[in-house]
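> I have a structure I would like to understand better, so I am pasting it below and will then ask my questions one at a time.
The values are calculated or read from the model by the stated rules, or taken from the named source; none is laboratory data. All figures in this text were calculated on a predicted structure; none of them were measured in a lab. When we count neighbours, we look across all protein chains shown, and the Cβ atoms used for this are built from the backbone with ideal geometry, even at glycine.
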Amino acid sequence: MIERHTQTLEEVLESCRPAPPAKPNILRVLLAVQGALGCVPVAMVPRIAQGLGVTDAQVAGVLSYYPDLRTESPGRCIVQICMGESCTANHGGRVLRTIQDHLLIDVGETMPGGRFTLERAYCVGNCAVSPTVIVGEDLYGRVTSSQIPSILEPMKK
Amino acid sequence: MKTTRLYLANDTSARAAGAGRLADAWKERPEVQLVRTSARGAFYLEPIVEQDSPRGRLAWFNVSPNDLPRIESGLDGTLVDSIPFLRQQTRYTFANFGVTEPLALDAYQSQGGFKGLAAALNMSSAAVIEEIKISRLRGRGGAAFPVWSKWQVAQQTEADEKYVVVNADEGDAGTYCDRMIMEGDPFRLIEGMLICAHAIGATKGYLYCRHEYPAAAATMRTAIRKAMEEGLLDLNGASFEIEVVIGAGSYVCGEETALLESLEGRRGVVRAKPPYPAMSGLYGRPTIVSNVLTFATIPNILARGGAWHASLGTERSRGTIVLQVGGRVKQPGLVEIPFGRTLRQVLEQFGGGMAPGSRFKAVQVGGPLGSLFPDSKLDIPICYDAFSDAGAILGHGGIVVYDQDTDMVELSRHFMAFTADESCGKCTPCRVGAVRGREILERIQAGQGSANDFALLHDLGDTMKAASLCALGGRAPYPVLTAIEHFPRDFQTKLPAFGRQQ
């Protein structure tokens, strides 16, 4: 799995290498790797560190810190439910339970077969039309439980 | 064929409310010319469709695709200027919202855009900073620090490079005014950055935008490119470069020093202050970090004068405050008014009362670290001093109303769990304190708490307030302790002893 991407990783590292004496920006490198490969497997940390001339710990530290950096590939479609205060006050919890019942997975899990990954978001700034559900790149406001099947159905294909 | 020009917002929330569906449905109609503007901020009415009339813009609310014939006839529209939610506001920073196309540079200029920059470029650095001092503008991101003071320190500190950094990591739940500015009036933000760069002698600008705001980042990138092509970024003989950098999901990166660490590519861990970023910030250089709204307030101050800004608001809170009223209210939306009106007035005048089926229980002001207010405390004036005296914060202007269905124990647990999740780990009171706080609240929730747990939470809260490095740990106890103070019954009924006492 990792070997298949070998060339790409080296290419990404090369494209992120700053002109000396500037130091490499580890976060941006990891985001670029994730952009190219879908995730940053922990097993890649030593090669990234070596490629950048920093320690393994520096890379692993950044990788584990940021919630957006993934060490495993998510499902083909990421479903997010906002759990900000406005969405919660407007019964986002009920919508979450409906999604869980519909997809039969819990928050943080991916469906067997990899169709959907369910995640929690913390405020996407859509509070005035909350609760909010994001499916892939589409954002839905004022979502009710009864809308969930029709929101998720097109993505099942 | 007669064509009808219709205005429809392209803001993320307007689209989520159905504006995108309207645009799709009507794009094949040859007689409809759609102009995609910024949003009015009256989100409870979205999707809103507007049309010109001799009396001003007419609006139709909560529009569905089938409403087109009705709108084209122009018959039953409402004059935008007569909508109470908008008429009762004092819009300066948000004056263009709903009016112009966000990326139309000529429209921004025809509304007075870049006049502030032109005024600043005719002044010395010191004179610009003096104007900001006269305006008495305080940072709008939460800390409310006097803006001129930071600028003066950065201006007076010698360095080979200086930076202007926009904090667009608007992480407080219930807030979205920074997102609206970036999506809806991007040149205003760029103008504010340029005035700051001119005042302190900065060579480069960064916009650190959270990844949850893809449309805002895309709009800003296009606006920066357009401004550059028009030569608007040429500052004192050199080109001021602005780079958009996307964050990676860490709430604490909205704290200025954590943000700088993240910009440099490291873990977003808070730095001990001093030195303050104005003296030693990004890569150890003098750096002004302010949020989007603060920079967007600057152009008007330079165009109209600092005294104009100081004439608005209350003694120590000058200018306007941008509130985002939400939760279980009838009319969620964005409100710009001078400081000084009470929280109750805002909830009634703008919030329009409670949503159908809801009764008021509590309101939280200032995001997940903000204090909770019960009905009896709503007559507090909205200004920095009154809130500070009450142990509360205005934060970034987020207002979330909770109804009778809200369980304060669960809400408190949510806040402590949030801090535990988001703590950067640098200081012990926050890193360990938030976990202990969450555990105590989980114990109470599970019916295994004791009266002693409240003393423990207070004790823990005192430590976190006094000894945390930044506002995340320092403010985290407030929502929990105000929930216990104002809604003790929610907690007491969960204690095992409660059943026996009855």
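> Since residue B:215 meets every condition but one in (1) touching a residue at least 40 places away in the same chain (Cβ under 8 Å); (2) crowded, with 20+ Cβ neighbours inside 10 Å; (3) within 19 Å of residue B:104 (Cβ to Cβ), which condition does it not meet?
Of the numbered conditions (1) touching a residue at least 40 places away in the same chain (Cβ under 8 Å); (2) crowded, with 20+ Cβ neighbours inside 10 Å; (3) within 19 Å of residue B:104 (Cβ to Cβ), the odd one out for residue B:215 is (2).
> Could you tell me how many of the residues in region B:284-303 are touching a residue at least 24 places away in the same chain (Cβ under 8 Å) and in a helix (DSSP H, G or I)?
Residues meeting the conditions: 12.
> A follow-up question, please. If a residue must be more than 8 Å from chain B (Cβ to nearest Cβ) and either among the aromatic types (Phe, Trp, Tyr) or touching a residue at least 60 places away in the same chain (Cβ under 8 Å) (or both), how many such residues does region A:73-131 contain?
Matching residues across region A:73-131 total 3.
> Can you tell me which of B:243, B:261 is within 14 Å of another protein chain (Cβ to nearest Cβ), closer than 30 Å to residue B:103 by Cα and of a type in the set (D, E, K, R)?
Exactly one residue qualifies, and that residue is B:243.
> Considering only residues of region A:13-26 that are surrounded by 18 or more Cβ atoms within 10 Å (Cβ to Cβ) and either touching a residue at least 40 places away in the same chain (Cβ under 8 Å) or not in a helix (DSSP H, G or I) (or both), which is farthest from the other protein chains (Cβ to nearest Cβ)? Steps first, please.
If we filter region A:13-26 for residues that are surrounded by 18 or more Cβ atoms within 10 Å (Cβ to Cβ), which is where we start, we get A:13, A:16, A:24-26.
With either touching a residue at least 40 places away in the same chain (Cβ under 8 Å) or not in a helix (DSSP H, G or I) (or both) added as a condition, the list becomes A:24-25.
Values: A:24: 7, A:25: 3 Å.
Applying the filter and picking the extreme gives A:24.
> Let me ask you something else. Right, residue B:249: part of a strand (DSSP E or B), within 23 Å of residue B:366 (Cα to Cα) and within 14 Å of another protein chain (Cβ to nearest Cβ) or not?
No, not satisfied.
> Looking at B:347, B:343, B:378, B:372, which one is closer than 28 Å to residue B:319 by Cβ and in contact (Cβ under 8 Å) with a residue 60 or more places away in the chain?
Exactly one of B:347, B:343, B:378, B:372 is closer than 28 Å to residue B:319 by Cβ and in contact (Cβ under 8 Å) with a residue 60 or more places away in the chain, namely B:372.
> Identify the residue in region A:61-79 that is among the β-branched types (Val, Ile, Thr) and touching a helix residue (DSSP H, G or I) at 6+ places or on another chain (Cβ under 6 Å) and, among all such residues, is surrounded by the fewest Cβ atoms within 10 Å (Cβ to Cβ).
Step one: list which residues in region A:61-79 are among the β-branched types (Val, Ile, Thr), which gives A:62, A:71, A:78-79.
With touching a helix residue (DSSP H, G or I) at 6+ places or on another chain (Cβ under 6 Å) added as a condition, the list becomes A:62, A:71.
Numbers: A:62: 27, A:71: 14.
That would be A:71.
> Would you say residue A:52 is buried (at least 19 other Cβ atoms within 10 Å of the Cβ) and either within 8 Å of another protein chain (Cβ to nearest Cβ) or within 18 Å of residue B:211 (Cβ to Cβ) (or both)?
For residue A:52, the condition - buried (at least 19 other Cβ atoms within 10 Å of the Cβ) and either within 8 Å of another protein chain (Cβ to nearest Cβ) or within 18 Å of residue B:211 (Cβ to Cβ) (or both) - is not met.
> Condition first: assigned to a helix (DSSP H, G or I) and crowded, with 24+ Cβ neighbours inside 10 Å. Now tell me which residues in region B:423-441 satisfy that.
B:430, B:433, B:434, B:437, B:441
> Still on this structure, please answer the following. I'd like the full set of residues that are basic (Lys, Arg) and closer than 24 Å to residue B:331 by Cα, limited to region A:108-147.
A:142
> Please state which of the following conditions residue B:97 fails to meet, knowing it meets all the rest: (1) within 14 Å of chain A (Cβ to nearest Cβ); (2) farther than 16 Å from residue B:184 by Cα; (3) among the aromatic types (Phe, Trp, Tyr).
It fails just one condition, (2).
> Applying the selection to region B:145-163, what residues are among the β-branched types (Val, Ile, Thr) and under 20 Å from the mean Cα position of the chain (by Cα)?
First, the residues of region B:145-163 that are among the β-branched types (Val, Ile, Thr): B:147, B:153, B:157.
Within region B:145-163, B:147 is the sole residue that qualifies.
> Could you tell me how many of the residues in region B:34-83 are closer than 27 Å to residue B:322 by Cα, in contact (Cβ under 8 Å) with a residue 24 or more places away in the chain, not in a loop (DSSP other than H, G, I, E, B) and not basic (Lys, Arg)?
Going through region B:34-83 one residue at a time, the tally reaches 12.
> Do we find that residue B:217 is within 14 Å of another protein chain (Cβ to nearest Cβ) and either assigned to a helix (DSSP H, G or I) or of a type in the set (A, V, I, L, M, F, W, C) (or both) in this structure?
yes
> Continuing with this model, one more query. Taking only pairs six or more apart or across chains, which ones have beta-carbon atoms under 9 Å, a first residue in region B:223-248 that is under 14 Å from residue B:196 (Cα atoms), and a second residue that is part of a strand (DSSP E or B) and of a type in the set (Phe, Trp, Tyr)?
Listed pairs, sorted by first residue: B:242/B:206.
> Going through region A:27-44 one residue at a time, which ones are of a type in the set (Val, Ile, Thr), in a helix (DSSP H, G or I) and surrounded by 20 or more Cβ atoms within 10 Å (Cβ to Cβ)? Show your work before the answer.
Let us first name the residues in region A:27-44 that are of a type in the set (Val, Ile, Thr), namely A:29, A:33, A:40, A:42.
When the remaining residues are screened for being in a helix (DSSP H, G or I), the result is A:29, A:33, A:42.
Hits for region A:27-44 are A:29, A:33.
> Output the number of residues of region B:315-352 satisfying the condition of being crowded, with 17+ Cβ neighbours inside 10 Å and in a strand (DSSP E or B).
17
> A follow-up question, please. Can you pull out the residues in region B:31-52 that are under 13 Å from residue B:14 (Cβ atoms) and among the acidic types (Asp, Glu)?
Selection gives B:46, B:50.
> Let me ask another. Scan B:67, B:52, B:106, B:81 and give me the residue that is at pLDDT 95 or above and under 18 Å from residue B:191 (Cα atoms).
None of the others qualify; the one that does is B:106.
> A follow-up question, please. Of the residues that sit in region B:386-411 and are polar (S, T, N, Q) and within 12 Å of another protein chain (Cβ to nearest Cβ), which one is surrounded by the most Cβ atoms within 10 Å (Cβ to Cβ)?
My answer is B:406.
> Oh, and also: Test residue A:57 against the criterion of being within 14 Å of another protein chain (Cβ to nearest Cβ), within 20 Å of residue B:245 (Cα to Cα) and surrounded by fewer than 13 Cβ atoms within 10 Å (Cβ to Cβ), and give yes or no.
Considered against the rule, which asks whether it is within 14 Å of another protein chain (Cβ to nearest Cβ), within 20 Å of residue B:245 (Cα to Cα) and surrounded by fewer than 13 Cβ atoms within 10 Å (Cβ to Cβ), residue A:57 comes out as no.
> Of all residues in region B:164-208, count the ones that are closer than 19 Å to residue B:15 by Cα, under 10 Å from the mean Cα position of the chain (by Cα) and at the interface with chain A (Cβ under 10 Å from one of its Cβ atoms). Quick ask: steps written out before the conclusion?
So in region B:164-208, the residues closer than 19 Å to residue B:15 by Cα come out as B:174-186.
Those left that are additionally under 10 Å from the mean Cα position of the chain (by Cα): B:174-181.
Those left that are additionally at the interface with chain A (Cβ under 10 Å from one of its Cβ atoms): B:174-180.
Here the count works out to 7.
> Which number in (1) surrounded by 24 or more Cβ atoms within 10 Å (Cβ to Cβ); (2) part of a loop (DSSP other than H, G, I, E, B); (3) not β-branched (Val, Ile, Thr) marks the one condition that residue B:364 misses?
With respect to (1) surrounded by 24 or more Cβ atoms within 10 Å (Cβ to Cβ); (2) part of a loop (DSSP other than H, G, I, E, B); (3) not β-branched (Val, Ile, Thr), residue B:364 is out only on (2).
> Any idea which residue in region A:132-157 is nearest to the other protein chains (Cβ to nearest Cβ), counting only those that are of a type in the set (Gly, Ala, Ser) and over 18 Å from the mean Cα position of the chain (by Cα)?
Here the answer is A:141.
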